Amino acid sequence: MGYTGFSRILLVFSEWIMKFAVTNIVWLVFNLPIVYFVLILLYADTFEKFQLIVITIAVLAPFFFFPATTAMFGVVRDWILGKSAMPLISSYWKYYKENYIKSLLGGFIIVPIWSAWLYNYLTSGVEIGSISFYFYVAVTIFLFTFSVHFFSDTVHFQAKLKDSFIKSILLAIGNPHYTILIALLSGMFIFLLIKYIPVFIPFCMGSIIAYLSFYGYYRIFLKMQSLVEKLEGTGENTEQ
């Protein structure tokens with residue numbers, strides 16, 4: 001018996017909710033050590049404990065967070081490209097194994113950059129609303145977009161680590177409207193979840209941000225591909 005009208009819409013909506021939820025839960029399972037320390041962090045009662053836990057999370061991030069997040073980006077990439085041949089968990093495990101080393105090495109570089117930037121902000125005494133504060137916001141937006149572009153590029157191309165870094169930086173700088181939009185949508189989504197429906201955090205926060213981020217990356221990729229094709233077409237017409 002086929003589904004039509006509202007029933008079909010409800011079915012498709014339910015399937016997407018399930019996909020986001022399962023992906024997010026699998027991502028959390030692969031991040032269990034980091035999840036554990038994040039939960040402890042919420043109850044840190046001294047600055048020394050807070051600092052020690054944050055350092056521990058930063059040390060663990062390249063080994064757990066980066067490979068797990070890259071695999072999640074690979075899963076949502078398949079959704080956006082219309083590829084759904086493999087079961088979700090099998091697809092996640094495939095991307096996890098294929099990109100573990102590159103993700104690990106990327107984490108060794110990106111985590112210290114984020115750590116130094118956050119430490120600098122926390123110790124600088126910047127006042128909200130000042131010029132310095134908006135400078136920090138701008139750089140944070142760039143770092144966030146650069147990071148998610150790295151995850152996207154890792155699963156979309158079999159490129160060298162250096163090439164992925166260069167491409168991610170250029171995409172973040174060269175497309176400011178997408179950079180701001182990706183960061184803005186992700187920030188708003190996180191804020192709404194934390195403030196109004198925190199119970200949904202374990203079921204969709206990571207997977208939806210990954211979906212939004214890869215979608216933005218893919219739109220930039222298509223735009224650049226179209227531009228290159230036009231330039232090549234113009235060159236061929238000129239030669240003729």
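Assorted remarks:
- Entry note, the chain: the mean residue ellipticity at 222 nm calculated from DSSP H runs of n ≥ 4, each adding -39500 (n - 2.57), is -29000 deg cm²/dmol after division by the residues and rounding to the nearest 500.
- The chain: C-alpha gyration tensor shape, a/c 1.5 cut-off, then a/b vs b/c: oblate
- Annotation note: trypsin sites (Lys or Arg not before Pro) in the range 1-100 located in DSSP loop regions with a Cβ neighbour count of at most 13 within 10 Å are Lys83.
- Relative contact order (percent, whole number), the chain, Cα cutoff 8 Å, 6+ residue spacing: 24 percent
- The fraction of accessible area contributed by carbon and sulfur in the chain is 72 percent, rounded to a whole number (1.4 Å probe; ligands and nucleic acids excluded).
- As a rough guide to protection, the peptides 115-126, 149-160 ranked by mean Cβ packing within 10 Å, highest first, stand as 149-160, 115-126.
- Average accessible surface for the range 79-163: 58 Å² per residue, computed with a 1.4 Å probe over protein heavy atoms with every protein chain in place.
- Shown here for the range 19-86: chymotrypsin sites (Phe, Trp or Tyr not before Pro) in loop regions (DSSP other than H, G, I, E, B) with at most 11 other Cβ atoms within 10 Å, namely Tyr43.
- Normalised Debye scattering of the range 1-63 at q = 0.14, 0.17, 0.21, 0.27 Å⁻¹ gives log10 I(q)/I(0) of -0.58, -0.68, -0.84, -1.04, counting only Cα atoms as equal scatterers and leaving out solvent.
The values are calculated or read from the model by the stated rules, or taken from the named source; none is laboratory data. On a predicted model such as this, the values are computed, not experimentally measured, just so you know. Quick reminder, even Gly has a Cβ in these numbers, built from the backbone with ideal geometry, and neighbours come from all protein chains shown. Surface accessibility is based on the protein's heavy atoms, side chains included, excluding ligands, DNA and RNA. Shrake-Rupley method; radii C 1.70, N 1.55, O 1.52, S 1.80 Å.
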